[in-house]
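One structure is given below, encoded as structure tokens.
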Amino acid sequence: MHEFSVTSQIVEAILKEAGKHNAKRVVAVHLDIGKLTFLGLEQVRFSYEVLVKGTILEGSKLYIEEKDGIVNCRSCGYEGGFQYEDDPIYHIPTPTLRCPNCGETVEIEGGRECTIRDMKLLISEDDKTDAD
Amino acid sequence: MKDVVEAEKGEIFDIELDVNILEANRKLANENKELLQKNGVQAIDVMGAIGSGKTSLIEKLVQNLKGKYRMAAFKGDLTTTIDAELIARHGVEVIPINTGKECHLDANLVKKALKRINLEGIDLLFIENVGNLICPAEFPLGSDKRIVVVSITEGPYMVVKHPFIFMDADVVVINKLDLAQAMGVDVKKLENDAKTINPKVKVVATNCRSGEGIINVINALEL
């Protein structure tokens, strides 16, 4: 829902970091985005392409790793993925807070992140180097 | 001194970062929570679709809890203060928060509003979010409890269509109970849908115009 504003904060943070290293170009950026955020990856990619135009990020490769939701059960100690609701009414499988092991309510431990994991910078423009 | 390590010409630098973009709001939300707790104020976030009855619910809660708590309310809205005035007529302080075009409140707006009230003068704060069942779930405000209001007139699929917000709810209020028969909506089904997603959520059916069920909301909130 808020991909453009979130992506614009991402681009800003990258430009700031790249500036510290006197980078000529940013070649690649790696994001971790949790499945429980309300960020659509397609919209993040689109916003990124628009926002990087005319900056040293233009032409960079954007890698997004989608992080699974992780829950923790205080009752039986289960830690792992969600139990998904398999009712056919859900076209997209919907996670529930029910423990897949014992049925008690679980706490959310992971899946809400939106993190810039790392980036590759080109320090000189002389070589034309592609990202991996 | 040892030589400084520098990149060769054209070398690619791999910079490890750990910048969490959504963390900024969460940090502010925690600060709000600490400030409220320090002043002994319990805050309740009221979320739900446009026209579901969030303001009516707060009005009825204020009427019923008047003798017990000193209350105030923040009222999120895009452009008007209509709802803020509805709550204020019950004699509580209301700070309207107009978001302009934003579809949800965020921790920063709540932080600003917190500066405008005397926290020592209240024990209970209602924060009514902008009418929306999607975005408010992404932006915690620093409240102790979160209510999601759904109403019968929104139809039988409101919960399954917007499952994520129910994960963050402590109490679900199913409002406009008096219209269930006319709308052909099964209240029990709505309740089960909410409990499937979040087994520990408390579900209460109300008619916020007549006041039916309000006492159950108060009990569910442990007020």
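For the subset of the stretch B:129-160 comprising residues that are more than 9 Å from chain A (Cβ to nearest Cβ) and over 30 Å from B:Gly40 (Cα atoms), which member is surrounded by the fewest Cβ atoms within 10 Å (Cβ to Cβ)?
Per the criteria, the residue is B:Gly155.
Which one of these does A:Gly110 not meet: (1) surrounded by 14 or more Cβ atoms within 10 Å (Cβ to Cβ); (2) under 23 Å from B:Ile15 (Cα atoms)?
Failing condition for A:Gly110: (2).
Assigned to a loop (DSSP other than H, G, I, E, B) and either more than 9 Å from chain B (Cβ to nearest Cβ) or modelled with pLDDT of 95 or more (or both), is that true of A:Ile56?
Values: assigned to a loop (DSSP other than H, G, I, E, B): yes; either more than 9 Å from chain B (Cβ to nearest Cβ) or modelled with pLDDT of 95 or more (or both): yes.
Taking the combined requirement at face value, the residue satisfies it.
Restricted to the stretch A:36-53, and to residues that are open to solvent by 30 Å² or more (accessible area, probe 1.4 Å) and part of a loop (DSSP other than H, G, I, E, B), which residue is modelled with the highest pLDDT? Show your work before the answer.
In the first step, residues of the stretch A:36-53 are kept if they are open to solvent by 30 Å² or more (accessible area, probe 1.4 Å); the result is A:38, A:41-43, A:45-46, A:49-51, A:53.
Adding the requirement that they be part of a loop (DSSP other than H, G, I, E, B) leaves A:38, A:53.
Details: A:Phe38: 86, A:Lys53: 95.
Only one residue tops the list, namely A:Lys53.
Can you tell me which residue among B:Lys112, B:Lys75 is within 19 Å of the chain's Cα centre (by Cα) and open to solvent by less than 20 Å² (accessible area, probe 1.4 Å)? Give the derivation first.
Values: B:Lys112 fails: open to solvent by less than 20 Å² (accessible area, probe 1.4 Å).
Result of the check over B:Lys112, B:Lys75: B:Lys75.
Among B:Met183, B:Met167, B:Met158, which is the only one that is in contact (Cβ under 8 Å) with a residue 40 or more places away in the chain and among the hydrophobic types (A, V, I, L, M, F, W, C)?
On the way: B:Met183 fails: in contact (Cβ under 8 Å) with a residue 40 or more places away in the chain; B:Met167 fails: in contact (Cβ under 8 Å) with a residue 40 or more places away in the chain.
Result: B:Met158 is the single residue among B:Met183, B:Met167, B:Met158 that is in contact (Cβ under 8 Å) with a residue 40 or more places away in the chain and among the hydrophobic types (A, V, I, L, M, F, W, C).
Given the conditions (1) touching a strand residue (DSSP E or B) at 6+ places or on another chain (Cβ under 9 Å); (2) away from every other protein chain (no Cβ under 12 Å); (3) open to solvent by 40 Å² or more (accessible area, probe 1.4 Å); (4) closer than 25 Å to B:Ile134 by Cβ, report the number of the one that A:Gln83 does not fulfil.
Only one criterion in (1) touching a strand residue (DSSP E or B) at 6+ places or on another chain (Cβ under 9 Å); (2) away from every other protein chain (no Cβ under 12 Å); (3) open to solvent by 40 Å² or more (accessible area, probe 1.4 Å); (4) closer than 25 Å to B:Ile134 by Cβ is unmet by A:Gln83, namely (2).
For the stretch B:190-223: of the residues being within 14 Å of another protein chain (Cβ to nearest Cβ) and not aliphatic (A, V, I, L, M), which is least open to solvent (accessible area, probe 1.4 Å)?
B:Asn198
So which residues in the stretch B:1-28 are open to solvent by less than 90 Å² (accessible area, probe 1.4 Å) and at pLDDT below 65, if there are any at all? Let's see the steps before the verdict.
So the first thing to find is which residues in the stretch B:1-28 are open to solvent by less than 90 Å² (accessible area, probe 1.4 Å), and the list is B:7, B:10-15, B:17, B:19-26, B:28.
Correct list: B:Ala7, B:Gly10.
Of all residues in the stretch A:86-131, how many are facing chain B (nearest Cβ under 9 Å) and modelled with pLDDT under 85?
Residues flagged as facing chain B (nearest Cβ under 9 Å) and modelled with pLDDT under 85 within the stretch A:86-131 amount to 13.
Identify the single condition in (1) surrounded by 15 or more Cβ atoms within 10 Å (Cβ to Cβ); (2) over 15 Å from the mean Cα position of the chain (by Cα); (3) of a type outside the set (Phe, Trp, Tyr) that A:Thr7 does not satisfy, given that it satisfies every other one.
(2)
Suppose we filter B:Gly100, B:Gly53, B:Gly40 for residues that are on the phi > 0 side of the Ramachandran plot and at pLDDT below 90; which single one remains? Let's see the steps before the verdict.
Values: B:Gly53 fails: at pLDDT below 90; B:Gly40 fails: at pLDDT below 90.
After ruling out the rest, the residue left standing is B:Gly100.
Identify the single condition in (1) in a loop (DSSP other than H, G, I, E, B); (2) at pLDDT 90 or above; (3) open to solvent by 70 Å² or more (accessible area, probe 1.4 Å) that B:Ile117 does not satisfy, given that it satisfies every other one.
Checking B:Ile117 against (1) in a loop (DSSP other than H, G, I, E, B); (2) at pLDDT 90 or above; (3) open to solvent by 70 Å² or more (accessible area, probe 1.4 Å), the one that fails is (3).
Yes or no: A:Glu66 assigned to a strand (DSSP E or B), within 22 Å of B:Cys135 (Cα to Cα), at pLDDT 90 or above and away from chain B (no Cβ under 13 Å)?
Numbers: assigned to a strand (DSSP E or B): yes; within 22 Å of B:Cys135 (Cα to Cα): yes; at pLDDT 90 or above: yes; away from chain B (no Cβ under 13 Å): yes.
When the stated conditions are applied, A:Glu66 passes them.
Checking the structure you have, find out if any residue of the stretch B:84-92 is of a type in the set (D, E, K, R) and touching a residue at least 24 places away in the same chain (Cβ under 8 Å).
Restricting attention to the stretch B:84-92, the residues satisfying the condition of being of a type in the set (D, E, K, R) are B:85, B:89.
Now drop any that are not touching a residue at least 24 places away in the same chain (Cβ under 8 Å), which leaves none.
Scanning the stretch B:84-92 turns up no residue that is of a type in the set (D, E, K, R) and touching a residue at least 24 places away in the same chain (Cβ under 8 Å).
The values are calculated or read from the model by the stated rules, or taken from the named source; none is laboratory data. None of these values were measured; they are calculated from a predicted model. Quick reminder, even Gly has a Cβ in these numbers, built from the backbone with ideal geometry, and neighbours come from all protein chains shown. Ligands, DNA and RNA are excluded from the accessible area calculation, which covers all protein heavy atoms including side chains. Shrake-Rupley method; radii C 1.70, N 1.55, O 1.52, S 1.80 Å.
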